[in-house]
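Enquirer: Please read through the structure below; I'll follow up with questions.
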Amino acid sequence: MDDLVIILLKCTFRYLIKFKLEAIYLLVKFSVKTLSSLLPLSATPTINCHEELSILLFNYVHIVSIINILKERNMEVLEAIGQRRSIRFYKSWKKVEDWKIQVILQAARYASCQGNCNSTEAIVIDKATYPKKKWEEIVGCVSAFNELHLQTAPTLIVWLTNLDGWYKDLVKSFAVLFPLRAISAAQGWTYKLLTETTYPRLMSFPKDKTEDLFRIEAGQAMAQSMLAATELGLGSCLIATGRNPEAFPKVLGLPENIVPLWAMTVGYPLEHPDQRPRKRFDRLFHFNEYGKPLKEDKETKELLKEAGMILDPNPIDEREEELRSICRSLGLTEDMPDMPREKIEELYKKDSPYYGELPKDLIKKGV
């Protein structure tokens, strides 16, 4: 009888991933009815049965709650790009769920990478359980203006690149693409070419060139992780360790082949800033040759606004009030950093790279 109970619940749990929640509900209902009819009133399940049932039901409830959260958000990638912000004030009292950290890391793991190297790694630091002395040493490595949001974030992810991914693992990482048919002979690939020609050439790369290549890979991984965090209702912000970059690897206890790149704060946002203005489209993109501006298509831009990728700014006074309220609650100064009015006015001129991109009420600011 115990075996039957476990089999029925395991089947229910297995179909949890495969079907929608409505189907899962029917399966659970069926399992409960079946168990009720099969188990006599006098039947007493064994201790092992109780333990397995507890584990299965705990996992069931846990995963259903995760699926419910993901169903509720259901954010498209363009919307996630539009919603992503660099957050500098977090709800320090609210812990980030472990499964959300897992989602963030999985998003990074599946980013594009050269030669299938997968050289981007990370250390997840939970401030609540991390040694206080080591945490203070990390704070001492970051730039002074990064200290505040580092202190309010409950989680810090330190992104790393592993040079062994190139100098030791490259053949294995790339060779796995052959049986998977990710590459073909039509592209010129053979195992002999990889091992006898390509590999020796790549191994001759100096460390700084390899590190540059891996930084590009890591950038893609970090970008995907930040979009995943956004979809999960989390904020994030990349911070550098420019105040003491030489000490940072030692604080983390990293071996020589591991290079720290960026630290990333993660947590629930206490602030909700607007989308930052970006340089004009025609200043960044060129057509056929450098210096020939690629014209921005207004219809496409409007479609992206409808999709939630490009957002109109809220009144600047609302943002100022939000910042003052947060700073007041944290016992910080409520002053706003400002700049000369004439410098702000220059941003609105036609030759400015931000012409047409700034909120209209910004012109009222300045000193």
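The values are calculated or read from the model by the stated rules, or taken from the named source; none is laboratory data. Because the structure is a prediction, the values reported are computed rather than measured. Every residue, glycine among them, receives a Cβ derived from its backbone with ideal geometry; neighbour counts consider all protein chains shown. Please note that ligands, DNA and RNA were not included when accessible areas were found on the heavy atoms of the full protein model with its side chains. Shrake-Rupley method; radii C 1.70, N 1.55, O 1.52, S 1.80 Å.
Enquirer: Using a Förster distance of 22 angstrom, determine the FRET efficiency expected from the C-beta separation of Asp317 and Tyr348, and round it to 0.05. Please report the intermediate quantities before stating the final value.
Expert: Values: r = 18 Å, r/R0 = 0.83.
Once rounded, the FRET efficiency stands at 0.75.
Enquirer: Let me ask something additional. Assign unit charges at the C-beta atoms only (+1 for Lys and Arg, -1 for Asp and Glu), then state the dipole size of segment 240-367 relative to its Cα centre in Debye, rounded to the nearest 20. Walk me through the numbers before you get to the answer.
Expert: On the way: 22 positive and 26 negative charges, 73 e Å.
Here the size comes out at about 360 debye.
Enquirer: Something else about it: About the Cα centre of segment 175-231, how large is the charge dipole given +1 on each Lys and Arg Cβ and -1 on each Asp and Glu Cβ? Please answer in debye to the nearest 20.
Expert: Details: 6 positive and 6 negative charges, 53 e Å.
Here the size comes out at about 260 debye.
Enquirer: Give me the one-decimal nm value for the distance between modelled label points at Thr190 and Lys134, 7 Å along each residue's Cα-to-Cβ direction.
Expert: About 5.0 nm, to one decimal.
Enquirer: What is the packing order of peptides 259-268, 355-364, taking the mean over residues of other C-beta atoms within 10 Å and listing the highest first?
Expert: On the way: 259-268: 21.8, 355-364: 13.4.
So the order, starting with the most tightly packed, is 259-268, 355-364.
Enquirer: How much of the accessible area of segment 108-247, in percent, comes from carbon and sulfur atoms when a 1.4 Å probe is used?
Expert: Working: 3980 of 7100 Å².
Within segment 108-247, the accessible surface is 56 percent carbon and sulfur.
Enquirer: Nearest 20 debye, what's the magnitude of the dipole of segment 98-247 about its Cα centre given +1 on Lys and Arg Cβ and -1 on Asp and Glu Cβ?
Expert: Working: 15 positive and 15 negative charges, 57 e Å.
Computed about the Cα centre, the dipole is about 280 debye.
Enquirer: Same structure again: Along the charge dipole of segment 168-256, which of Leu180, Thr230, Thr210 sits closest to the positive end, that is, farthest toward it, with unit charges on the beta carbon of Lys, Arg, Asp and Glu (+1, +1, -1, -1)?
Expert: Leu180
Enquirer: State the percentage of accessible surface on segment 296-367 attributable to carbon and sulfur atoms; use a 1.4 Å probe and exclude ligands, DNA and RNA.
Expert: Numbers: 2770 of 5250 Å².
Taking all protein chains in place, segment 296-367 shows 53 percent carbon and sulfur surface.
Enquirer: May I pose another question? Evaluate the distance, in nm, between pseudo-label points positioned 7 Å from the Cα of Asp282 and of Phe145 along their respective Cα→Cβ axes.
Expert: 3.1 nm
Enquirer: While we're looking at this one, here's another question. Would you mind getting the accessible area per residue of segment 268-358, heavy atoms of the protein chains only, 1.4 Å probe, in Å²? Write down the numbers at each step before the final one.
Expert: Details: 6830 Å² over 91 residues.
In whole numbers, segment 268-358 has 75 Å² accessible per residue.
Enquirer: Sorted by mean Cβ packing within 10 Å, highest first, what order do the peptides 219-230, 171-182 take? Can you show the working numbers first?
Expert: Details: 219-230: 21.1, 171-182: 13.0.
So the peptides 219-230, 171-182, ranked by packing, come out 219-230, 171-182.
Enquirer: Something else now. What FRET efficiency comes out for the pair Ser92/Leu180, r = Cβ-Cβ distance, R0 = 45 Å, nearest 0.05? Write out the running numbers ahead of the final one.
Expert: Values: r = 44 Å, r/R0 = 0.99.
Calculated value: 0.50.
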